[in-house]
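The structure appears below as structure tokens.
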Amino acid sequence: MDRPQRSLVAALSAAVVLAGCGSAGGGPEDTTPTAVAGVTTPGPDGGDDTGSPDPGTTGGDGADAATTTTADTAADSTSAADYPTYPEDYAQALVEAWADGDSARVAELTVDEVGLAMGTWTTDAAWGTTRVDSLDGHGDVGLRRWAVYYEHPSGASMTVTVDGDELGGQDAVVGLDYYLGGAAADAFERTDSPVNDYVDTFHRGIVARDAAVLERLGTDRATQEALVHDPAVDESSVITDHGFLSFEDEPLHMLYHVTGPQDASPDLTRMLDLDPRTATDGGDDGVLRLNVLTDWRWT
């Protein structure tokens, strides 16, 4: 089968880390960005917030109409000011909203693919930023994008990818990778969400070798990969989730481990590639494919 597909930041992060390791003094080069030039403060509708009332929505005359227009304009200005213009500040605003369980704020700051992924796990506010890297050096694919790297006391790590062209407005976070390997997964909780329900049902189908379930929830490719390419998974196996890789216009890569008496590589990271919108709606064929890394059974 094809080699695993990775999100942009997952693919680029390795190159960035390697480049940092080669810098003088053993530490990464200081690439902390300055303020983004030319960023204006948009109103909630995407246009510039000029403070002018909309003649199509101003009703009546007198004090009530003036009060309503002034209140709406003030609310628009406050909302627009909540979108930072530095990548690290924008990423931090997202982490804080996620830790607070503020799903509405998360939806404002992220593209749909990232917001749906974040809805599968909880987090907390103990994350610390380790560095901020420009991805411009990777060509057009990374142009005006920034990777903000976090580490957690539990050993977990996270990378938030911010699109510089969207700073100062909504949806600037276009990627988020959430690595909860080993004991780090115990520091967080999977949520009760349609996406997790969908994934768990498919995982149970893998363990039970239930072709009917796998064929309903997965594509033909995913079903074959589950039934044919992984003989080490049987009814005594346990599947454990430990994070995800998400990126704009890409499938959601759900990370998991399989442990059991037949599995010689219990720490092997596997990926279930999912269409999160199909999973949310409970539709068919939401699991697109399965991937594992460096395992001879999948070559």
Quiz item: Based on what the data block shows, is residue 117 open to solvent by 10 Å² or more (accessible area, probe 1.4 Å), touching a helix residue (DSSP H, G or I) at 6+ places or on another chain (Cβ under 7 Å), part of a helix (DSSP H, G or I) and modelled with pLDDT of 95 or more?
Solution: no
Exercise. Identify all residues within the stretch 71-90 that are surrounded by 18 or more Cβ atoms within 10 Å (Cβ to Cβ) and at pLDDT below 85; write none if there are none.
Key: 76, 80
Quiz prompt | Options 97, 93, 104: the member that is surrounded by fewer than 19 Cβ atoms within 10 Å (Cβ to Cβ) and assigned to a helix (DSSP H, G or I) | solution = 104
Exercise. Kindly indicate the residue of the stretch 214-237 that is open to solvent by 30 Å² or more (accessible area, probe 1.4 Å) and β-branched (Val, Ile, Thr) and also nearest to the chain's Cα centre (by Cα) among those meeting that condition.
Key: 219
Practice problem: Could you check how many residues of the stretch 173-220 are on the phi > 0 side of the Ramachandran plot and either at pLDDT 95 or above or in a loop (DSSP other than H, G, I, E, B) (or both)? | Solution: 1
Quiz prompt | Single residue of the stretch 266-290 satisfying the filter (hydrophobic (A, V, I, L, M, F, W, C) and outside any strand (DSSP E or B)) that is surrounded by the fewest Cβ atoms within 10 Å (Cβ to Cβ) | solution = 268
Exercise. Kindly indicate the residue of the stretch 153-172 that is assigned to a strand (DSSP E or B) and over 15 Å from residue 112 (Cα atoms) and also most open to solvent (accessible area, probe 1.4 Å) among those meeting that condition.
Key: 157
Self-check item: Leading residue by the ranking (nearest to residue 159 (Cα to Cα)) among those in the stretch 131-141 that are open to solvent by 20 Å² or more (accessible area, probe 1.4 Å) and modelled with pLDDT of 95 or more
Solution: 131
Quiz item: Taking the condition free of Cβ contacts under 8 Å to residues at least 24 places away in the same chain and under 30 Å from residue 99 (Cβ atoms), does residue 201 pass?
Solution: yes
Self-check item: Any chance residue 179 is open to solvent by less than 50 Å² (accessible area, probe 1.4 Å) and of a type in the set (Phe, Trp, Tyr)
Solution: no
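The values are calculated or read from the model by the stated rules, or taken from the named source; none is laboratory data. Model, not experiment: these values are computed from the prediction. Using ideal geometry, Cβ is built from the backbone for each residue, glycine included, and neighbour counts are taken over all protein chains shown. Heads up: the accessible areas ignore ligands, DNA and RNA and are worked out on the full protein's heavy atoms, side chains in. Shrake-Rupley method; radii C 1.70, N 1.55, O 1.52, S 1.80 Å.
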